[in-house]
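Participant: Sharing a structure here in C-alpha cells format.
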Amino acid sequence: SAVISQKPSRDICQRGTSLTIQCQVDSQVTMMFWYRQQPGQSLTLIATANQGSEATYESGFVIDKFPISRPNLTFSTLTVSNMSPEDSSIYLCSVEKRGSDTQYFGPGTRLTVL
Amino acid sequence: AQSVTQLDSHVSVSEGTPVLLRCNYSSSYSPSLFWYVQHPNKGLQLLLKYTSAATLVKGINGFEAEFKKSETSFHLTKPSAHMSDAAEYFCVVSESRGYSTLTFGKGTMLLVSP
C-alpha cells in the first residue's frame, strides 16, 4: 500500500480564482491519478500523471482548466483554474506502483466555490 | 469498453444481520475487480480485489466478494453488519493499459440501524 496526503483538506474559494492541490506519497510510485467526485456522484478520472511527461487528460477535461505537474516520483499538483461554482467537488489523487494493479487513494480535497 | 452497474443506490440493514451489495460488470478483457469504501468526509479505502486467482476473495473488516464470470457479477457480502460499516461502497472494474484504468460504479450507500 501507500500513505498519501493531500493539501489542503478543504477550501472555500471565490469565483474566478485558482486553487492548487498537492498530493504527496510516502514512497516512489509509477503513476499518479487525479479524480473528481461531484456532490452525490461517483468518481471521474481527470488525468493521469506520469513523471517526466505531460499528463494525459480524459475526455471533457483540458489542460488549461486543470494543469497538472509531476516533478518527481512522490509528488504531484492539480490546479483548478478560473473556478466557478460547478467546480465544487472533492478532488482525490491516487497512486499506483509498477506491476501492482491497484490504486490507493488520498483523503481528498473538498472544494467549495462561491 | 468496460462498465459497472451497482444495482442498489441504498441498502439498509440492522446491526448483526447480513450485508449484500450487488455489482455487475462488463469488460472486453479479463478484468480486475475491486471494492472500495468511503466513510463520510474520508478518502477511498481498498476493501478487496479480484485478479483472476481464487474466485472468492476475502477483504478487510470481514467483507468478502465472489467473482462469477457466468453472471458477470462481483457481489460484496458480510455475515454480520456493524454500525461502523455504514458508508458508501464502490464497485470498480479495471483494465490495464500498462497501468490500471478504473471505471467506478455509482456507489451503494449502506445504512446500518441499531
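Participant: Out of the residues in segment A:69-114 meeting the condition of being among the β-branched types (Val, Ile, Thr) and surrounded by fewer than 20 Cβ atoms within 10 Å (Cβ to Cβ), tell me which one is farthest from the other protein chains (Cβ to nearest Cβ).
Facilitator: Checked segment A:69-114; the qualifying residue farthest from the other protein chains (Cβ to nearest Cβ) is A:THR79.
Participant: To continue, here is another question. Looking at B:SER94, B:SER70, B:SER84, which is the one that is under 15 Å from the mean Cα position of the chain (by Cα), farther than 17 Å from B:ASP8 by Cα and either modelled with pLDDT under 95 or not in a strand (DSSP E or B) (or both)?
Facilitator: Result: B:SER94 is the single residue among B:SER94, B:SER70, B:SER84 that is under 15 Å from the mean Cα position of the chain (by Cα), farther than 17 Å from B:ASP8 by Cα and either modelled with pLDDT under 95 or not in a strand (DSSP E or B) (or both).
Participant: Evaluate the following for A:ASP11: is it without any contact (Cβ under 8 Å) to a residue 60 or more places away in the chain, touching a Ser or Thr at 6+ places or on another chain (Cβ under 9 Å), charged (D, E, K, R) and surrounded by fewer than 16 Cβ atoms within 10 Å (Cβ to Cβ)? It would help to see each step written out before you state the result.
Facilitator: Values: without any contact (Cβ under 8 Å) to a residue 60 or more places away in the chain: no; touching a Ser or Thr at 6+ places or on another chain (Cβ under 9 Å): yes; charged (D, E, K, R): yes; surrounded by fewer than 16 Cβ atoms within 10 Å (Cβ to Cβ): yes.
No, not satisfied.
Participant: Within the group B:HIS39, B:HIS10, which residue is within 14 Å of chain A (Cβ to nearest Cβ), open to solvent by 30 Å² or more (accessible area, probe 1.4 Å), at pLDDT 95 or above and within 15 Å of the chain's Cα centre (by Cα)? Explain how you work it out, then say what you get.
Facilitator: Numbers: B:HIS39 fails: at pLDDT 95 or above.
The match here is B:HIS10.
Participant: Identify all residues within segment A:12-31 that are within 13 Å of A:TYR91 (Cα to Cα) and within 14 Å of chain B (Cβ to nearest Cβ); write none if there are none. Spell out the reasoning first.
Facilitator: Kept after step one, since they are within 13 Å of A:TYR91 (Cα to Cα), are these residues of segment A:12-31: A:19-23.
Of everything in segment A:12-31, those that are within 13 Å of A:TYR91 (Cα to Cα) and within 14 Å of chain B (Cβ to nearest Cβ) turn out to be A:ILE21, A:CYS23.
Participant: Next question, about the same structure. Just to be sure I understand the filter: pairs with C-beta atoms under 7 Å, separated by 6 or more residues or on different chains, first member in segment B:61-81 and closer than 15 Å to B:VAL92 by Cα, second member hydroxyl-bearing (Ser, Thr, Tyr) and not in a strand (DSSP E or B). Which pairs pass?
Facilitator: Within 7 Å, the pairs are B:GLU66/B:THR55; B:PHE67/B:THR55.
Participant: What about A:GLN38, is it in contact with a Ser or Thr (Cβ under 6 Å, 6 or more places away or on another chain), more than 13 Å from every other protein chain (Cβ to nearest Cβ) and of a type outside the set (Ser, Thr, Tyr)?
Facilitator: no
Participant: Let me spell it out: the conditions are (1) in contact with a helix residue (DSSP H, G or I) (Cβ under 9 Å, 6 or more places away or on another chain); (2) over 30 Å from A:THR48 (Cα atoms), and B:SER14 meets all of them except one. Which number is the exception?
Facilitator: (1)
The values are calculated or read from the model by the stated rules, or taken from the named source; none is laboratory data. None of these values were measured; they are calculated from a predicted model. Reconstructed Cβ throughout: ideal geometry from the backbone, glycine too, with neighbour counts over all protein chains shown. The protein model used for the area step is the full one, side chains on, heavy atoms only, and it has no ligands, DNA or RNA in it. Shrake-Rupley method; radii C 1.70, N 1.55, O 1.52, S 1.80 Å.
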